[in-house]
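The values are calculated or read from the model by the stated rules, or taken from the named source; none is laboratory data. Source: prediction; values computed, not measured. When we count neighbours, we look across all protein chains shown, and the Cβ atoms used for this are built from the backbone with ideal geometry, even at glycine. These accessible areas exclude ligands, DNA and RNA; they are computed on the full protein's heavy atoms, side chains included. Shrake-Rupley method; radii C 1.70, N 1.55, O 1.52, S 1.80 Å.
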Amino acid sequence: MMVDLIALLVKFVGVGFLLIATIGLLRFDDPFQRMHAATKAGTLGAGLVLIGTMLSKSSLDSTMMGGMTLLFLILTIPVASHLLARAAYLSGAELAGIGDADNALRDVLKRPEQPIEEQAERLDLQGMAAAAETDIATEVPVSADPVLCDAEKSGFVSLKDVVAPERVRFAAVGDAAPKLARRAAEFAARTDLPLIAVVAVDTGYVDATDNSTETIRLIRDKVGHWLPDLRSLSDDLGVSVELVYQEGDAAASMAGVGDVREFLVLPTDGWADHGVGVATPHATKQPDGLLRVASMHPGPTLYAVDVPRAGPVTVLFDGSYDIWRALDLALVERLWTATELRVFGYVDAASRVEIEQRAADANTPVVFADPELTAPDEALLPEQMVSDAVAVILPDLPRPLRTRWYGTFWQDKISPNWRGDVLVWT
């Protein structure tokens with residue numbers, strides 16, 4: 001009887017601490033204070049309820065089960081709360097009652113000046129403002145596409161001018177990283193834009209190997225061989241370079257924070273395992289996610305080869321908003337030394353006039369494909385349109401989003417055996 005009373009008392013005290021934790025979650029001002037209430041009072045409250053339950057049951061099974069549960073709480077909640085607190089700090093969450101001078105992590109962890117909610121709101125407002133700037137009369141529209149609204153009166157409306165790149169983001173992957181980084185840096189220097197070089201490591205792949213510690217060491221050693229070349233870009237080209245090293249979700253790291261004004265440069269092959277070649281015993285596929293990055297990035301994405309070439313540029317034209325943006329960006333920013341612009345697909349009269357005008361402004365001759373010309377099976381473009389082309393502009397990437405599918409390289413789906421730059425804006 002005495003044991004039951006003690007058990008009941010312990011449970012009541014535990015429930016009291018849980019109530020205090022709930023009040024703290026509702027009343028405290030910032031996520032760090034709320035997390036303190038949830039982890040301290042919450043863990044103590046849950047632990048006391050478990051202890052009271054073990055006392056009231058008084059059996060070996062319940063004691064073992066309760067003890068293991070209590071041990072699990074003690075081991076996991078501090079780690080989880082630390083990770084949550086770190087994520088909240090890095091997202092710019094408010095520090096209630098703490099000035100900048102009192103922030104002990106001020107010079108340790110970099111955090112944005114605005115909370116992530118305000119950043120998202122600001123981006124949304126920018127998008128609304130951009131939409132307002134491009135809102136033109138549509139009394140006699142020649143197309144449902146927003147780019148071509150009222151083309152007879154206003155001419156071609158360039159949405160690229162509203163969402164012009166403000167920075168260049170480059171994903172450093174594998175041994176080709178220094179050459180491709182230089183290409184991204186040269187574009188940044190020519191357009192007077194800052195460069196962000198991201199060295200991402202796929203921890204999902206690392207964890208899937210037999211010895212994750214050894215795998216991460218191999219990756220870091222390999223990255224260390226060409227990392228000095230990235231650091232020298234700033235001095236060589238006079239470009240502001242921000243070098244970022246991240247381990248975790250590699251695709252998200254490469255794609256960035258979802259900024260439409262970032263021009264993303266990716267290699268055409270490779271992944272964030274950096275080619276160390278460590279097998280993953282339980283996986284049936286090679287680590288791969290490169291083509292998924294473009295779908296996660298709202299801005300323009302260039303899958304680039306190591307060395308730029310001069311030659312024809314082919315456009316798979318479908319009249320979509322994305323293909324107009326990508327085409328406009330390529331011509332205005334002169335991404336390539338284009339000797340000829342080749343347009344494949346159905347192009348109505350108004351679109352043809354606008355493409356010719358844009359190409360003329362860029363001093364690039366334009367050729368439209370024969371309407372009878374078709375692409376072969378399993379390919380996006382006919383060989384005649386792309387065999388000698390240095391780049392292709394697409395409305396979307398070929399599916400599935402894997403660099404190799406049953407041994408076939410993804411660019412073979414554009415045209416068999418073709419290799420070159422691919423620009424998309426999805």
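Helices (runs of 4 or more DSSP H) fully within the range 190-271 that include at least 1 residues being more than 30 Å from R334 (Cβ to Cβ) and open to solvent by 10 Å² or more (accessible area, probe 1.4 Å): 203-208, 212-231, 250-255.
Selection of first residues in the range 31-54 that are under 29 Å from M2 (Cα atoms) and of second residues that are hydroxyl-bearing (S, T, Y), restricted to Cβ pairs under 8 Å at least 6 apart or on distinct chains, gives the following pairs, ordered by first then second residue: L50/T69; T53/S62; M54/S62; M54/T63. If you go through the range 276-327 and keep only what is out of contact with any helix residue (DSSP H, G or I) (no Cβ under 8 Å at 6 or more places or on another chain) and among the hydroxyl-bearing types (S, T, Y), you end up with T284, S295, S320.
This table checks each residue for (1) surrounded by 20 or more Cβ atoms within 10 Å (Cβ to Cβ); (2) of a type outside the set (V, I, T); (3) modelled with pLDDT under 80; (4) under 35 Å from the mean Cα position of the chain (by Cα).
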site: M1; (1), (2), (3), (4): no, yes, yes, no
site: A7; (1), (2), (3), (4): no, yes, no, no
site: G14; (1), (2), (3), (4): yes, yes, no, no
site: T22; (1), (2), (3), (4): no, no, no, no
site: D29; (1), (2), (3), (4): no, yes, yes, yes
site: L44; (1), (2), (3), (4): no, yes, no, no
site: L48; (1), (2), (3), (4): yes, yes, no, no
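Against the definition (surrounded by fewer than 17 Cβ atoms within 10 Å (Cβ to Cβ), of a type in the set (A, V, I, L, M, F, W, C) and either modelled with pLDDT under 85 or in a helix (DSSP H, G or I) (or both)), how does L75 come out, yes or no? In short, yes. Any residue that is within 15 Å of I216 (Cβ to Cβ) and modelled with pLDDT under 90 - is there at least one of those in the range 283-304? Looking for residues that are within 15 Å of I216 (Cβ to Cβ) and modelled with pLDDT under 90, one finds at least one in the range 283-304, hence yes. Restricting the range 240-273 to residues that are among the small types (G, A, S) and touching a helix residue (DSSP H, G or I) at 6+ places or on another chain (Cβ under 6 Å), which is farthest from T191 (Cα to Cα)? In this case the residue turns out to be G248.
Just to be sure before I move on: is G345 closer than 20 Å to T301 by Cα and out of contact with any Pro (no Cβ under 7 Å at 6 or more places or on another chain) in the structure I sent? So G345 does not fit the description; no. Looking at F368, F344, just one residue is modelled with pLDDT of 90 or more, touching a Ser or Thr at 6+ places or on another chain (Cβ under 8 Å) and not polar (S, T, N, Q), and that residue is F344. Scanning the range 167-185 for residues that are open to solvent by 20 Å² or more (accessible area, probe 1.4 Å), part of a helix (DSSP H, G or I) and either modelled with pLDDT of 90 or more or in contact with a strand residue (DSSP E or B) (Cβ under 9 Å, 6 or more places away or on another chain) (or both) returns P178, R183.
All told, Y303 meets the bar of being out of contact with any Gly (no Cβ under 8 Å at 6 or more places or on another chain), among the aromatic types (F, W, Y) and under 26 Å from G174 (Cβ atoms). Applying a threshold of 6 Å to beta carbon distances and a minimum spacing of six or more residues, or different chains, the list of pairs starting in the range 264-279 at a residue that is in contact (Cβ under 8 Å) with a residue 12 or more places away in the chain and within 19 Å of D306 (Cα to Cα) and ending at one that is part of a strand (DSSP E or B) and β-branched (V, I, T) reads L264/T301; A272/V201. Of all residues in the range 283-319, those satisfying the criterion of being touching a Phe, Trp or Tyr at 6+ places or on another chain (Cβ under 8 Å), of a type in the set (A, V, I, L, M, F, W, C) and closer than 29 Å to A362 by Cα are A294, L302, A310, V313, V315, L316, F317.
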